[in-house]
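Structure, as structure tokens:
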Amino acid sequence: MSQRRRQAALVAYRAASDLAGKGAFFLVTLVAARRLSQDAFGLFALGTTVGWIASVATDFGIQLHLAREVAQRPGDAARLLRASAFPGSSMTATVASSTAPRKSFFFSFAMPRAA
């Protein structure tokens with residue numbers, strides 16, 4: 001496979017995976033909008049927004065940096081991936097664990113109680 005064809009295939013794969021991910025989230029949002037109450041859907045929207053903001057805040061540009069480094073040095077891809085996986089995942093885990101106690105607090109107001 002030529003280099004140009006390989007690059008085109010990688011770009012197409014990236015575009016297809018991005019489209020599939022956004023489509024799946026759109027479908028989940030549609031189902032949530034139909035099945036949840038207004039308060040519960042508002043909480044769902046708040047949770048997804050806070051989660052998205054937290055993921056952007058804890059990323060610190062590692063994805064873009066890693067993509068650039070791998071493009072410049074393809075032979076070092078495995079080493080670069082191992083080196084960049086730990087800082088991002090540990091920061092994300094820290095943020096997730098710090099927000100976990102708040103989730104039960106928010107859900108206690110949004111979910112209807114059984115009589």
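The values are calculated or read from the model by the stated rules, or taken from the named source; none is laboratory data. Keep in mind the model is a prediction, meaning the values are calculated, not measured. Methodologically, a virtual Cβ is constructed for each residue, glycine included, from the backbone with ideal geometry; neighbour enumeration extends over all protein chains shown.
Here are the numbers:
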{"quantity": "Close pairs (9 angstrom Cβ cut-off, 6 or more residues apart or separate chains): at positive phi in the range 13-27, surrounded by 10 or more Cβ atoms within 10 Å (Cβ to Cβ) anywhere", "calculated": "none"}
{"quantity": "Condition met for LEU46 (assigned to a helix (DSSP H, G or I), at pLDDT 80 or above and assigned by TED's automatic domain parsing to the domain that holds GLN7)", "calculated": "no"}
{"quantity": "Hey, LEU10 farther than 30 Å from SER84 by Cα, assigned to a helix (DSSP H, G or I), among the aliphatic types (A, V, I, L, M) and out of contact with any strand residue (DSSP E or B) (no Cβ under 9 Å at 6 or more places or on another chain) or not", "calculated": "no"}
{"quantity": "Single unsatisfied condition, SER2 versus (1) closer than 18 Å to ALA71 by Cβ; (2) surrounded by 10 or more Cβ atoms within 10 Å (Cβ to Cβ); (3) hydroxyl-bearing (Ser, Thr, Tyr)", "calculated": "(2)"}
